[in-house]
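The values are calculated or read from the model by the stated rules, or taken from the named source; none is laboratory data. Worth saying up front: this structure is predicted, and the values here are computed from it rather than measured. Note: ideal-geometry Cβ built from the backbone for every residue, glycine included; neighbour counts use all protein chains shown. Just the protein is used for accessible areas: all its heavy atoms, side chains included, with ligands, DNA and RNA removed. Shrake-Rupley method; radii C 1.70, N 1.55, O 1.52, S 1.80 Å.
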Amino acid sequence: MADRTHGVPAPPAETEVRGADWYGEDLSGQAHDGVTFVGVDLTEATGDGAVFTGCTFRDCRFNLSRHTDAAFLNCSFTGCSFFDAAFTDCKVVGSTFDRCTFDLLSVSGGDWSFVGLPGADLTRATLSGARMREADLTGIRAAGATLRGLDLSAASLHGADLSGADLRGSDLSAVDPRTVELAGARIDVPQAVVLVTSLGLDVRPDPPE
């Protein structure tokens, strides 16, 4: 299970929601603090500005759900499904994900700093324009994924498989090409310079003749 960033423990659960059918529910404006959700069906749920703080989600379904300007702060997700779920300009700071599935997940913008996604399968996910500073992405499987315009500064990417991924516009300063699979990945020229420099090579233009 992913450890909570900086060892901050989850707050004790105040209430528990078990086996609820929230299919297609509008969660806009709702606020939940320290709640444990077990086996809750959130398929096709929507939420504009919903806030979940220190909540625990176990075996919940977020399939086809849509979240805009929502916040999932220091939450933990275990065994949850995010098939074709969309998060737009959401804050997911400090949350951890363990044994979750992310087929066709879409993340656009927002702040996902300090998230824990070690070993996550993101091969069919699309993440763009999000801040993921100091995220734990150790060993993620993202071959062929779209990971564009991400702020990955100080992220942990040791053992990650980014082969064939579209990484253009992302901050790759934390990527060590010796420990990350990058074969066939799409990058831009500034990123190429960053990766070559990280290998200890001295990149400089030819002197004028």
Need the failing condition index for ARG124 against (1) within 20 Å of ALA86 (Cα to Cα); (2) part of a loop (DSSP other than H, G, I, E, B); (3) within 11 Å of the chain's Cα centre (by Cα), just the number. (3)
Just give me the residues in the range 143-155 being over 16 Å from LEU195 (Cβ atoms) and either out of contact with any Ser or Thr (no Cβ under 6 Å at 6 or more places or on another chain) or in contact (Cβ under 8 Å) with a residue 24 or more places away in the chain (or both), in sequence order. ALA143, ASP151, ALA154
Of the residues that make up the range 106-127, is at least one in contact (Cβ under 8 Å) with a residue 24 or more places away in the chain, open to solvent by 40 Å² or more (accessible area, probe 1.4 Å) and acidic (Asp, Glu)? no
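Evaluate the following for THR101: is it open to solvent by 10 Å² or more (accessible area, probe 1.4 Å), in contact with a Phe, Trp or Tyr (Cβ under 7 Å, 6 or more places away or on another chain) and modelled with pLDDT under 95?
On the way: open to solvent by 10 Å² or more (accessible area, probe 1.4 Å): yes; in contact with a Phe, Trp or Tyr (Cβ under 7 Å, 6 or more places away or on another chain): yes; modelled with pLDDT under 95: no.
Judged against the criteria, THR101 is not a match.
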